[in-house]
Amino acid sequence: MRICLVSETWAPEINGVAHTLTQLSRELRERDMALQLIRPQPANGSASEPTPGMQAELQVRGMAIPGYRAVRIGLPAGRRIQHLWQKQRPDVVYLATQGPLGWSARRVAKRLGIPLVAGWHTNFDHYCVDYGAPWLAPLLIRGLRHFHNGCQTTLVPTRQQADDLSRQGFERLEVMGRGIDQERFSPELRCARLRRSWGVDEHSPVVLHVGRLAAEKNLTLLRETLHVMRNTRPDMAQVVVGDGPARRSLEKALPEVHFTGFISPEDLARHYASADIFLFPSLSETWGNVVPEAMASGLAVVAYRHAAAAELIDSGVNGVTVPAGNAEAFRDAAVALCQQPARYAQMGRAAQLRSQVCRWPAIADKFLSVLEQALEIDHETTRPCRI
């Protein structure tokens, strides 16, 4: 199968979309799929080295997203896309993002009669609220509904997300979760020296948060929760991995917290495994890769009953979830858990076992089955009638 991936973001950018596409493309190459990639040029404005394993790659002009300098969106490139596809026509196109580049590729695919499958990787309407433009959300949903309903299928990460979008008029939705690298994340990477650098021994809890430090991540609740946890357990260590526009204000409000910024994948795995409790107060994610990563590392996760946490956590058994938006319940759950070392250790062991369902080979199998189904539907609708 000849598959074209279209995305406004790609590695080495650090976000869920880029991570998911990197893992998917690796699995697809191992299955000998012929891959094309259309993406924006890097921030320096010049084309980077082609992505290994791609039979063709088109890098288009891009622009930075305000407030997200590290992330660029691709500008419309209809002529260049059409030229590529007329020379090397893909069997199916996967639209991972709905920015100007995604819309441009969608129009060309429609014109050339190439089947389209889209992904729902970002809750754009939630971002409108977080960045002070709630009035924009209904207009955005209307445009996204038109975008996705013009595709054969839209892939969403959870059944909850599929139900929410279906109620808003989105059609032909299929659920495809996300995987994790089972060899990379493991409790066996727990590092006593790293814990000592945080000022704790094996008997004091370490609470961890990993993610982009930006408004949509519900950082006010993170700050409040870390504060009340420290009042309850003054001996605990608190670690925040990640960077973003809100980092400076968080560091000022939480002077005792260890802020690491972005760290290498190897260091990230060690940080996970060397903690005990993982806090994830965000409601903006469609999935939230950090939740299964923390679970695979043996951590007890405290999260809202949303996205990956709703799919993977049996509250009270392998983590704790509370109703979405109930900040008081979130704080209370975190404070209670940090006082119960036997309980969070037991939850961490159960979480590691539960995370084993998140395997990229199985996710890739689902992805390919949806693409094959889109091709079959396209062949059925374009097959000439016989009398």
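The values are calculated or read from the model by the stated rules, or taken from the named source; none is laboratory data. The shown structure was predicted, so the numbers you read here are calculated from the model rather than taken from an experiment. Positions of Cβ are backbone-derived with ideal geometry, glycine not excepted, and every protein chain shown enters the neighbour counts. Areas reflect the complete protein model, heavy atoms only, side chains present, ligands, DNA and RNA absent. Shrake-Rupley method; radii C 1.70, N 1.55, O 1.52, S 1.80 Å.
Quick notes on this one:
- If you wrap the Cα atoms of the stretch 1-119 in a convex hull and average its projected area over all directions, you get 6.7 nm².
- Model label points for Asn149 and Leu112, set 7 angstrom from Cα along the Cα-to-Cβ axis, are 2.7 nm apart.
- With contacts taken as Cα pairs under 8 Å at a separation of at least 6 residues, the stretch 82-215 carries a relative contact order of 17 percent.
- Summary of the geometry: the stretch 11-46 and the stretch 154-219, compared by the centres of their Cα atoms, lie 20 Å apart.
- Listed residues Gly143, Gly53, Gly74, most fluctuating in the chain (Gaussian network, C-alpha, under 10 Å): Gly143
- Computed FRET value (nearest 0.05) for Gln356 with Ala329, which takes r as the C-beta separation and R₀ as 30 Å: 0.60
- Bins of 5 Å, starting at 0 and running to the largest distance - Cα pair percent for the stretch 245-387: 2, 9, 14, 17, 17, 13, 7, 5, 4, 4, 3, 2, 1, 1, 0, 0
- Pairs of C-alpha atoms in the chain farther apart than 40 Å represent 17 percent of all such pairs.
- Here the Kirkwood formula puts the hydrodynamic radius of the stretch 72-111 at 10.3 Å, using every distinct Cα pair.
- Annotation for the stretch 284-357: GluC sites (Glu not before Pro) lying in DSSP loop with at most 13 further Cβ atoms inside 10 Å of their Cβ do not exist.
- Sorting the Cα pairs of the stretch 208-288 by distance into bins of 5 Å, from 0 upward, gives 3, 14, 28, 27, 20, 7, 1 percent per bin.
- Interchain or long-range residues, amide H under 5 Å from Gly244's placed H: Leu213
- The ellipsoid equivalent to the alpha-carbon distribution of the stretch 330-373 has semi-axes of 37, 13, 4 angstrom, derived from the gyration tensor eigenvalues as √(5λ) and listed largest first.
- Efficiency of FRET from Cβ geometry, Thr260 and Asp181, R₀ 35 Å, rounded to 0.05: 0.95
- Which of Val200, Gly242, Leu219, positive extreme of dipole for the stretch 199-347 (C-beta unit charges): Leu219
- Fraction of accessible area attributable to carbon and sulfur, the stretch 166-271 (%, probe 1.4 Å): 48
- Taking 19 Å as the straight-line reach from the Cα of Lys87, the lysines in range (excluding those fewer than 8 positions away in the same chain) are Lys110.
- Cα→Cβ-extended label distance, 7 Å offset, between Ala336 and Thr22, nm: 3.8
- Considering only Pro205, Pro187, Pro245, the Gaussian network model of the chain with Cα springs below 10 Å gives its largest mean-square fluctuation to Pro245.
- Extent along principal axes [Cα atoms of the stretch 76-224; Å; largest to smallest]: 63, 39, 28
- Length gained when the stretch Ser315-Cys191 is fully extended (0.36 nm per residue, less Cα-Cα span): 41.9 nm
- Per atom type, the stretch 311-387 shows carbon and sulfur on 51% of its accessible surface, probed at 1.4 Å.
- Solvent-accessible surface of the chain, taken per residue with a 1.4 Å probe and all protein chains present: 45 Å².
- For the stretch 163-210, applying the loop criterion from DSSP together with a ceiling of 15 other beta carbons within 10 Å to the GluC sites (Glu not before Pro) yields Glu171, Glu183, Glu202.
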